[in-house]
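This report concerns only the one structure given below.
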Amino acid sequence: MGQLLRVCAMVLLAAAGAAAQSGPDAEARRALERFIERWNTGDDVQLRDAMHFPFATVAGGGVLVVNAEPGDFQAGFQGLRENEGWDRSLFHFDSFTVLRSSPDKVHVEIDYSRLRADGTVYRQSRVFYIVTREGGRWAIKVRAPARPLGPLGEAERDEIVSGARRAVLDFFTAFNAADADGTVDGLHHPHLFLTANGGFGVAASEQDGPRPDFGTMRQNEGWHMSSIDALEATSVTRDKVHFQITFTRWRPDGTRYWTVPALWIVTRADGHWAVQARSLFPATYDDR
């Protein structure tokens, strides 16, 4: 009996180990390992092989850079060498943090360092990535700085989060008033929108929206209003806040029918906070 129990325990441990090495979170980690390996070649062609295109960088300050095709992207390695003395970079995988994941998309943050040829670390920060599976391949889809280069005091951080949070609340106020123009006014353009099933859309200007169709929502879904269930600032810089948000759509009888976890990136440009990017995860349906 003792031998049988030991065998069963070994089988369970092996299964747990295999599970830890598979699944979306593990695939996202491997994609980041491949990305930093290719980054350190200093070769754009090799690096692009660790990315999905279109590829977006959300820099903050209302800046969204979209590289539609691989040939559009250049990391600027020559400038890094000449201006910073860059030699290589490191991801610190002990800081690897999964914020949300689904079978085809993972949101992660990780610390990194830049080093010169003599091994001195001259820059350290934290970066956010969206890693996606497309055509059966996991690779980097979106990146955004996640930590300010200079320290934030508590009062300054609170003021930043308050301004960014107000932009989210104002968007939902316009949404619940069925004010399509108001929702568009609550966005910075270019505006990035990633659907739960892998869709990637960029609205270049206010004329491109995206503009909700409230009539269709009422007819097809019975939509009455939307609520914010959770809104947590997980990354705060001086001109950009990442919010982990969960929101719900309701019918007039109080039925909750569509609940969605998501990431919203809110940026400040010309003193104005607005939503710059949104990435949705699969919805749950709850008819309570």
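A few points about this structure:
- Test for Asp181: is it charged (D, E, K, R), surrounded by 17 or more Cβ atoms within 10 Å (Cβ to Cβ) and either closer than 20 Å to Trp273 by Cβ or without any contact (Cβ under 8 Å) to a residue 40 or more places away in the chain (or both): no
- Residue in the range 181-197 that is hydroxyl-bearing (Ser, Thr, Tyr) and in contact with a Phe, Trp or Tyr (Cβ under 7 Å, 6 or more places away or on another chain) present: yes
- Filter pass, Val275 being farther than 13 Å from Ala164 by Cβ, in a strand (DSSP E or B) and not hydroxyl-bearing (Ser, Thr, Tyr): no
- Restricting attention to the range 202-236, the residues that are under 29 Å from Ala144 (Cβ atoms), assigned to a strand (DSSP E or B) and in contact with a helix residue (DSSP H, G or I) (Cβ under 9 Å, 6 or more places away or on another chain) total 8.
- Being crowded, with 17+ Cβ neighbours inside 10 Å and out of contact with any strand residue (DSSP E or B) (no Cβ under 7 Å at 6 or more places or on another chain) holds for only one residue in Arg143, Arg137, Arg133, and it is Arg133.
- Residues that are more than 20 Å from the chain's Cα centre (by Cα) and part of a strand (DSSP E or B) within the range 39-80 are absent altogether.
- Options Asp270, Asp253; residue that is assigned by TED's automatic domain parsing to the domain that holds Arg218, over 30 Å from Gly163 (Cβ atoms) and surrounded by fewer than 16 Cβ atoms within 10 Å (Cβ to Cβ): Asp253
- Taking the conditions (1) assigned to a strand (DSSP E or B); (2) at positive phi in turn, Gly119 satisfies each one other than (1).
The values are calculated or read from the model by the stated rules, or taken from the named source; none is laboratory data. Computed from a predicted structure; not experimentally measured. All Cβ positions, glycine included, derive from the backbone under ideal geometry; neighbour counts span all protein chains shown.
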